[in-house]
Structure formats: structure tokens, C-alpha cells
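In what follows, a single structure is set out as C-alpha cells and then discussed.
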Amino acid sequence: MSHDEQPAPESAGGDPSATLRTAAHDMFDADVASRGLGIELVGVADGTAQARMRVTPAMLNGHAIAHGGFVFLLADTAFALACNSRGPVTVAAGGEITFVRPAHAGDLLVARATERTRYGRSGIYDVTVTRDDEVVAEFRGRSRSLPPAD
């Protein structure tokens, strides 16, 4: 079993050694932007996800620290994975980020997304981006599930 797949629940009649792929896995497989920047899916479960990214020299701004856009993209990717973890197809309705401390070339950033609430077709998710045990950024995303296709 790869590190980003979850064991199939026995209560669902599945073999416990089997793996369960989610809509989030399929979405990430098709996410050329995130994967092209080296973002990796670490894990996904109902309403949660974890992704990571190594900061490269090409991601640095004029102050020799990670450009905030790359940190936002990592947080947004974890957010997207969490809100698509159980379907239906869900997109971002908005997001904001607070940068707590800088990241530098070589840093491994980890984004952990958690669902806070879902109501109707909308949801709110929090993402914490860390380097080791230090918080680099806090992100809050608002999601909207798309209506079923006709």
C-alpha cells in the first residue's frame, strides 16, 4: 500500500489489506501544477489531508525567502485534497493566509488540512503549514461543492 492510500474499512465489506482511493487521489493525480512544483500527497482521510513540498532556490523571492505564493499553493493543495476526500467534486470559494515565519531553500514544508464544518454545499477548512515543528503559515479555505452533473 502506498503512503497516500487508506486501508479499506472492513465494515464496507472490503478486504482490510485492500486500498481505498478517494476522489482526492484522482484529483491529485491530474494536478499538473502541484505535482510539477514537487508537492507530494502524504495522506488523505475523511475531511483531512496532508501534503508536503521542499522549498527550492527557484521558489525564493528577492529577500532570499520562500515566495508567499508557493506557501499558499501548498496550503491550497492540502485544502483541496481535504475537501475532495469524500466527494462530491468541490472547489475553492476563497482562501486567506497568514504568514507566521519565513521558509528558506531546502526547508521541507508540511501542510495539514482539517475540515472545520460543512453546511449545505459549503465548507470551511483550516490548514497549518509547518517546518519541523514550527508554524510557517495558517490558511483558512472556504469550499463549495459543485452540483451533480445532469
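No value in this document is a laboratory result; all are computed from the given coordinates. None of the values given here were measured: they were computed from a predicted structure. Neighbour counts are summed over all protein chains in view; Cβ atoms, including those assigned to glycine, are modelled from backbone coordinates with ideal geometry.
Brief remarks follow.
- For residue 136, the residues whose amide H sits under 5 Å from its own are 129, 130, 131, ignoring neighbours fewer than 5 places away on the same chain, with H placed 1.01 Å from N.
- Taking amide H as placed 1.01 Å from N in the peptide plane, the amide H of residue 104 sits under 5 Å from that of 66, each at least 5 places away or on another chain.
- Nearest 10 degrees, 0 to 90: helix 68-83 Cα axis against the chain principal axis: 10 degrees
- Cα-projected label distance for residue 98 with residue 118, points at 7 Å along beta-carbon direction, nm: 2.7 nm
- Fraction of alpha-carbon pairs over 16 Å apart in segment 29-92 - percent: 46 percent
- Residue 146-residue 42 FRET efficiency (beta carbon distance; Förster radius 22 Å; 0.05 resolution): 0.30
- Hydrodynamic radius (Kirkwood) for segment 85-150, which is based on Cα pairs only, to one decimal in Å: 13.2 Å
- Relative contact order of segment 16-145, defined on C-alpha pairs under 8 angstrom at six or more residues apart (%): 26 percent
- In the chain, the calculated helix contribution to ellipticity at 222 nm averages -5500 deg cm²/dmol per residue, counting -39,500 (n - 2.57) for every DSSP H run with n ≥ 4.
- Ordered by the count of other Cβ atoms within 10 Å of each Cβ, fewest first, 125, 119 give 119, 125.
- Top of 81, 37, 109 by mean-square fluctuation, Gaussian network on the chain, Cα under 10 Å: 37
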